[in-house]
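The values are calculated or read from the model by the stated rules, or taken from the named source; none is laboratory data. The shown structure was predicted, so the numbers you read here are calculated from the model rather than taken from an experiment. Virtual Cβ from ideal backbone geometry, glycine too; neighbours counted across all protein chains shown. Side chains are part of the model used for accessible areas, which takes the heavy atoms of the whole protein and leaves out ligands, DNA and RNA. Shrake-Rupley method; radii C 1.70, N 1.55, O 1.52, S 1.80 Å.
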Amino acid sequence: MTSITGLVLTYNGERLLDETLASLSFCSEILLIDSGSSDATLDIAKKHNARVIHNDWNGAIDQHKFAVKQIKTPWVVTIDQDEIISPELKDNILKNLENPPKDLDGFYCPRKSWYFNRFILHSGWYPDKLFRIYKPEGISIGGIRPHEELRPKTKAGNLKGDIIHYPYENFKQHLEKINYYTQDAAEDLYSRGKRGSLGSAISHGIGKFFKQYILQQGFLDGRAGFIIAVHGFFYTFQKYIRLAELEPKDKK
């Protein structure tokens, strides 16, 4: 069996971290890149015999680039601190890495997220295929802040079995993340030469709601699907209105 590192980027992740690290117990090593946790994160890491490296947070893209440089094994399985590897996915990872393919940089796998009162199977949230099993030398890390995008450099396969995702403890936490994410996204777009306005904020927001609730059949996700679409409108509106806010006042 080839050696595997289970990689998690952490910051005050005690809510689900015990379950997260337990789901990575099949890995040869568990590595946490922590950006200064003050809760029980480091104690939980110690319980699972994880190697912990501190690195100050400068966004998910830079943090993942730093993390890959610390890997000592031929393969990596990376999940977030609010995610869990399902038994089916674990079995398929082990099966496919027993004799690792030489022509693949890694594998995509689906992620299934819990929101409000159910797992979301529409709304653009599922199957949400992510490149999370990879060779360290076979990954390309990019994206638009605040989210990183992991891609294979050449070719990737697909695995069955879900990453189980519990992104928000409650609506309060969701709104706090929207507040942080939209500011970071607006600043990133501004640095790329993009500009916003009230009109673009409204039109993009409406477009996001329509896409999630109608085109991506969010209405089939019940009340949760409607709430997701409303929050999608709010997120997109906030991103573009904050982009407009960044323009120098003397040009307004």
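Might you report the magnitude of the Cβ-based charge dipole of the chain about its Cα centre, with Lys and Arg at +1 and Asp and Glu at -1, to the nearest 20 debye?
800 debye
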Dipole of the range 97-241, Cα-centred, from +1 at each Lys and Arg C-beta and -1 at each Asp and Glu C-beta, to the nearest 20 debye? 280 debye
For the range 1-160, with the dipole built from +1 on Lys and Arg beta-carbon atoms and -1 on Asp and Glu ones, taken about the Cα centre, which of 24, 10, 35 lies farthest toward the positive end? 24
Test of understanding: in a Gaussian network model of the chain with alpha carbons linked when under 10 Å, which of 221, 56, 105 would top the mean-square fluctuation ranking? 56
What is the Cα centroid distance between the range 1-62 and the range 108-166, reported in whole angstrom? 18 Å
In vacuo Debye sum over C-alpha of the range 118-162, base-10 log of normalised intensity I(q)/I(0) at q = 0.31, 0.32, 0.34 Å⁻¹, listed in q order, is -1.14, -1.16, -1.20
Lysine pairs in the range 165-249 8 or more apart or on different chains: how many have alpha carbons under 26 angstrom apart? 14
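Does the range 1-51 come out rounded, prolate or oblate, given a ≥ b ≥ c as the square roots of the eigenvalues of its C-alpha gyration tensor, rounded meaning a/c under 1.5 and, failing that, prolate meaning a/b above b/c? Write down the numbers at each step before the final one.
Working: a/c = 2.36, a/b = 1.84, b/c = 1.28.
It comes out prolate by the Cα gyration axes.
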Would you mind putting 163-174, 225-236, 29-40 in packing order, based on average other-beta-carbon counts within 10 Å, highest first? 225-236, 29-40, 163-174
Tell me which label goes with the value of Rg/Rh (Cα atoms, Kirkwood Rh) computed from the coordinates here: (i) 0.98; (ii) 0.96; (iii) 1.23. (i)
So which lysines can residue 102 reach, going by Cα to Cα under 30 Å and dropping same-chain residues fewer than 8 places off? 65, 69, 72, 90, 112, 129, 135, 153, 155, 160
To the nearest 20 Debye, how big is the dipole of the range 1-66 about its Cα centre, given +1 on the beta carbon of each Lys and Arg and -1 on that of each Asp and Glu? 160 debye
Per DSSP H run of n ≥ 4, the term is -39500 (n - 2.57); total these for the chain, divide by its residue number, and report the mean residue ellipticity at 222 nm rounded to 500 deg cm²/dmol. -11500 deg cm²/dmol
Solvent-accessible surface (1.4 angstrom probe) belonging to residue 194, in square angstrom, nearest 10: 110 Å²
With springs only between Cα atoms under 10 Å apart, run a GNM on the chain and tell me which of 218, 199, 13 wobbles the most. 199
Gaussian network model of the chain, springs between alpha carbon atoms under 10 Å - residue of 69, 129, 153 with greatest fluctuation: 69
Sorted from largest to smallest, which semi-axis lengths in Å does the alpha carbon gyration tensor of the range 1-140 give for its equivalent ellipsoid, taking the root of 5 times each eigenvalue? 22, 20, 15
